[in-house]
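Here's the structure, in structure tokens; my notes come after.
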Amino acid sequence: MSTEPAEVPRVSRQEFDALFAAVRTWGRWEPADRGAWNRVTPDHVRRAAALVRDGTAVPLGRPWDTRPGPDNPRPALHHMTDLGDVEPPEPSAHKDFLGADYHGKAVSHLDALSHIAYRGELYGGRPARAAVGAGGARHGSVAALGPLVTRGVLLDLPAVLGTDWLEPGRAVRADELLAAERALGARIDEGCAVLVRTGRFRRRRELGPWDPDAASAGLHVSAVPLLAERGISLLGADGDSDVRPSPVEGVHSPVHTLAITAMGVPLLDNLDLEGLSAACAAAGRHAFMLVVTPLDVPGGTGSPVNPVAVL
């Protein structure tokens, strides 16, 4: 397997629509707007907790990024609102404000099921225009998801390939996910969360930022049926899971579309997986308990988040 971008197999719109129909899970669960998180039962949580051996907790969120750049055109906001000189003493209080247009390539965040519509429909076939308006989402809101505790699997592709990162534009296929499973001894199973490391943030730290909308390593759409077959509950990556440029004409985020809109699988975008890569290598295992606690935002299409892997 090469780490360099090769010619990415093109997928016609007709082929993509057939794939969408093949992996679709509409009508399978109630409540529908929790989607694949309905797969995770108390037994899954107990099995995940049993993976904790040495108690190492690894945060996966990026630092709050307030600096503009090619991968951060709308920087997060942070400013002080009280420097201890507003309220009567004692004690003095220091307060600050946070804000972010978090759907993008800079903030670690969770995509809820209201984030992506295809052919005018959200997950479950709800008409997007009726379900999402200026007041937020009435179906598929992040508030419907709640917290997730489940078994996580890190598919550390650079570690398997013996390199520091995959180059932007590199498409990852199903056979490569299977090879990573075998090499790392971490099988994707029902209800688990799959995290895919491409080495994006190591490359960024060493070579500087670039525009990931123009080119980023990620999954080819042909890898998605494997994840659907295994019954995953969550997909995450140090990018946004999609290879870019998109291999599907007229669909700029096909993996988002298949995962969220067809399968009901929320996505974790822009995770910093470098610390987890090191922790898994040190522990000699790539499965762990994953804890994801999005903000409870009624009507929100997602949430900034700092997931934690516990080994």
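The values are calculated or read from the model by the stated rules, or taken from the named source; none is laboratory data. For clarity, every value in this text was computed on a predicted model and none was experimentally measured. Please note: Cβ atoms are built from the backbone with ideal geometry, for glycine as well, and neighbour counts cover all protein chains shown. In case anyone asks, the SASA skips ligands and DNA or RNA and just uses the protein heavy atoms, side chains included. Shrake-Rupley method; radii C 1.70, N 1.55, O 1.52, S 1.80 Å.
Tell me the net charge near Arg13. Cut-off is 14 Å between Cβ atoms, Arg13 excluded, with +1 for each Lys or Arg and -1 for each Asp or Glu. Kindly include the intermediate steps, with their values, before the conclusion.
Values: positive: Arg10, Arg119; negative: Glu15, Asp17, Glu249.
Spelling it out: positives minus negatives among the neighbours equals -1.
If Rh is defined by the Kirkwood formula over all Cα pairs and Rg also comes from Cα, what ratio Rg/Rh do you get for segment 58-139?
Working: Rg = 18.6 Å, Rh = 16.1 Å.
Taking Rg over the Kirkwood Rh, I get 1.16.
Just to confirm a number: summing +1 for Lys and Arg and -1 for Asp and Glu over residues other than Ala278 whose beta-carbon lies under 15 angstrom from that of Ala278, what do you get?
Values: positive: Arg197, Arg202, Arg205, Arg285; negative: Asp54, Asp156, Asp164, Asp238, Asp272, Glu274.
Net charge in that neighbourhood comes out at -2.
Taking the Cα atoms of segment 259-311, what is the range of coordinates along each of the three principal axes, in descending order and whole Å?
Principal-axis extents of the Cα atoms in segment 259-311, largest first: 41, 24, 18 Å.
Hey, if you put +1 on the Cβ of every Lys and Arg and -1 on every Asp and Glu Cβ in the chain, which of Ser277, Phe20, Pro59 ends up farthest toward the positive end of that dipole?
Ranked along the dipole, the leading option is Phe20.
When the dipole is taken about the Cα centre of segment 109-225, and only Lys, Arg (+1) and Asp, Glu (-1) are charged at their Cβ, what size is it in debye, to the nearest 20? Mind showing how you got there, number by number?
Working: 15 positive and 13 negative charges, 53 e Å.
I would put it at about 260 debye.
So how much accessible area does Val297 have, in Å² to the nearest 10, using a 1.4 Å probe?
Ignoring ligands and nucleic acids, Val297 comes out at about 60 Å².
Taking +1 at the Cβ of each Lys and Arg and -1 at the Cβ of each Asp and Glu, which of Thr257, His79, Gly124 sits farthest along the dipole of the chain towards its positive end, judged by Cα position relative to the Cα centre?
Gly124
Explain nothing, just the number: dipole magnitude of the chain about its Cα centre with +1 on each Lys and Arg Cβ and -1 on each Asp and Glu Cβ, in debye rounded to the nearest 20. Each step should come with its number before you reach the end.
Numbers: 32 positive and 38 negative charges, 156 e Å.
So the magnitude is around 760 debye.
Restricting to the chain, compute how many DSSP beta bridges are antiparallel as a %, nearest 5. Before the final figure, lay out each step's value.
Details: 30 of 45 bridges.
About 65 percent, rounded to the nearest 5.
What does the extension gain come out to for Glu229 and Ala174, with contour length at 0.36 nm per residue minus their alpha carbon separation? Mind showing how you got there, number by number?
Details: separation 55, 0.36 × 55 = 19.80 nm, distance 1.16 nm.
So the chain would gain 18.6 nm between Glu229 and Ala174.
So what's the net charge close to Asp82: Lys and Arg +1, Asp and Glu -1, counting the other residues with Cβ under 12 Å from its Cβ? Each step should come with its number before you reach the end.
Working: positive: Lys95; negative: Asp85, Glu87, Asp96.
Once positives and negatives cancel, what remains is -2.
Modelled label-to-label distance, Ala278 and Met80, 7 Å Cα→beta-carbon offset: nm?
Here the modelled spin labels are 3.1 nm apart.
To the nearest 0.05, how large is the calculated FRET efficiency for Ala49 and Val297 if R₀ is 30 Å and r is the Cβ-Cβ distance? Show your work: numbers first, answer last.
Details: r = 27 Å, r/R0 = 0.91.
Step by step, r from the Cβ atoms, then E = 0.65.
Would you mind telling me the antiparallel percentage of the DSSP bridges in segment 141-262, rounded to 5?
Around 10 percent antiparallel, to the nearest 5.
Obtain the nm distance between the two label points defined at Leu207 and Arg67 by a simple spin-label model: each point lies 7 Å from its Cα along the Cα-to-C-beta direction.
In this crude spin-label approximation the distance works out to 1.9 nm.
Taking only the alpha-carbon positions of segment 183-311 and ignoring solvent, what does the Debye formula give for the base-10 log of I(q)/I(0) at q = 0.17, 0.21 Å⁻¹?
Debye curve over Cα of segment 183-311, log10 I(q)/I(0) at q = 0.17, 0.21 Å⁻¹: -1.01, -1.46.
Alpha carbons only, please: Rg and Dmax for the chain, in angstrom.
Cα-based Rg and Dmax for the chain come out at 19.4, 68 Å.
Give, rounded to the nearest 20 debye, the magnitude of the charge dipole that segment 171-311 has about its Cα centre when Lys and Arg contribute +1 at Cβ and Asp and Glu contribute -1 at Cβ.
Details: 12 positive and 17 negative charges, 83 e Å.
For this selection, approximately 400 debye.
Roughly speaking, what is the centre-to-centre gap between segment 75-144 and segment 232-311 when only Cα atoms are used, to the nearest Å?
Segment 75-144 and segment 232-311 have Cα centres separated by 17 Å.
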